[in-house]
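All of the numbers you see were taken from the coordinates with simple rules; none came from a lab. All values reported here derive from a predicted model rather than from experimental measurement. Cβ atoms come from the backbone with ideal geometry, glycine included; neighbour counts cover every protein chain shown.
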Amino acid sequence: MKKQFYLTLTLSIVFGCIISWVDTRPNWDDTGITVGLILISTMICGGLNPSRAWLWALIVGGIIFVTNMILHGNYGSVIALAIAFVGAYVGVGVGVGKGLSQESKGV
């Protein structure tokens, strides 16, 4: 259980940092791909560890929001948090429904 938590924690931090880095590039202007990456990454984390989906959404979305706020004063990027929550809880539904997570198996 702890191993799965730390794996998912590491993944969510890495996903958040990579998406945030790409999103803050000067020539990057493709919001649709950024939204897709947020959804996919939080779906993966939510499916791996469904009991803490809220945490994975806060980490991924929070890193993106804070980075954009600090570097560009872009407070509108708070929408990344909402998108991250949607992705995380869709991942919970898919992961539990398919029996992918260890938590859904009672392990």
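Residues in the stretch 30-48 that are among the hydroxyl-bearing types (Ser, Thr, Tyr) and either assigned to a loop (DSSP other than H, G, I, E, B) or under 19 Å from Leu58 (Cβ atoms) (or both): Thr34, Ser41, Thr42.
Given the structure, is Ile70 assigned to a helix (DSSP H, G or I), out of contact with any helix residue (DSSP H, G or I) (no Cβ under 8 Å at 6 or more places or on another chain) and not small (Gly, Ala, Ser)? Even if it seems obvious, please write down each step before you answer.
Numbers: assigned to a helix (DSSP H, G or I): yes; out of contact with any helix residue (DSSP H, G or I) (no Cβ under 8 Å at 6 or more places or on another chain): yes; not small (Gly, Ala, Ser): yes.
Against the criterion (assigned to a helix (DSSP H, G or I), out of contact with any helix residue (DSSP H, G or I) (no Cβ under 8 Å at 6 or more places or on another chain) and not small (Gly, Ala, Ser)), Ile70 qualifies.
Out of the residues in the stretch 83-97 meeting the condition of being surrounded by fewer than 18 Cβ atoms within 10 Å (Cβ to Cβ) and among the small types (Gly, Ala, Ser), tell me which one is farthest from the chain's Cα centre (by Cα). Once the filter is applied, the top-ranked residue is Gly97. Picking from residues in the stretch 10-67 that are under 10 Å from the mean Cα position of the chain (by Cα) and aromatic (Phe, Trp, Tyr), the one that is farthest from Ala82 (Cα to Cα) is Phe15. Please go through the stretch 40-65 and give me each residue that is of a type in the set (A, V, I, L, M) and in contact with a helix residue (DSSP H, G or I) (Cβ under 6 Å, 6 or more places away or on another chain), ordered by number. Within the stretch 40-65, Met43, Leu48, Ala53, Ala57, Ile59, Val60, Ile63, Ile64 qualify.
Can you pull out every residue in the stretch 22-67 that is polar (S, T, N, Q) and either buried (at least 23 other Cβ atoms within 10 Å of the Cβ) or under 14 Å from Val90 (Cα atoms) (or both)? Break it down stepwise before answering.
Within the stretch 22-67, the subset polar (S, T, N, Q) is 24, 27, 31, 34, 41-42, 49, 51, 67.
Hits for the stretch 22-67 are Ser41, Thr42, Asn49, Ser51.
When you check Asn27 against the structure, is it part of a loop (DSSP other than H, G, I, E, B) and either of a type in the set (S, T, N, Q) or in contact with a Phe, Trp or Tyr (Cβ under 7 Å, 6 or more places away or on another chain) (or both), yes or no? Yes; evaluated as a whole, the condition is true for this residue.
What are the residues in the stretch 44-65 that are in contact (Cβ under 8 Å) with a residue 40 or more places away in the chain and either hydrophobic (A, V, I, L, M, F, W, C) or within 17 Å of Ser20 (Cβ to Cβ) (or both), if any? Outline the logic, then answer.
Taking the stretch 44-65 first, the residues in contact (Cβ under 8 Å) with a residue 40 or more places away in the chain are 44-52, 55-56, 59-64.
Ile44, Cys45, Leu48, Leu55, Trp56, Ile59, Val60, Gly61, Gly62, Ile63, Ile64, listed by residue number.
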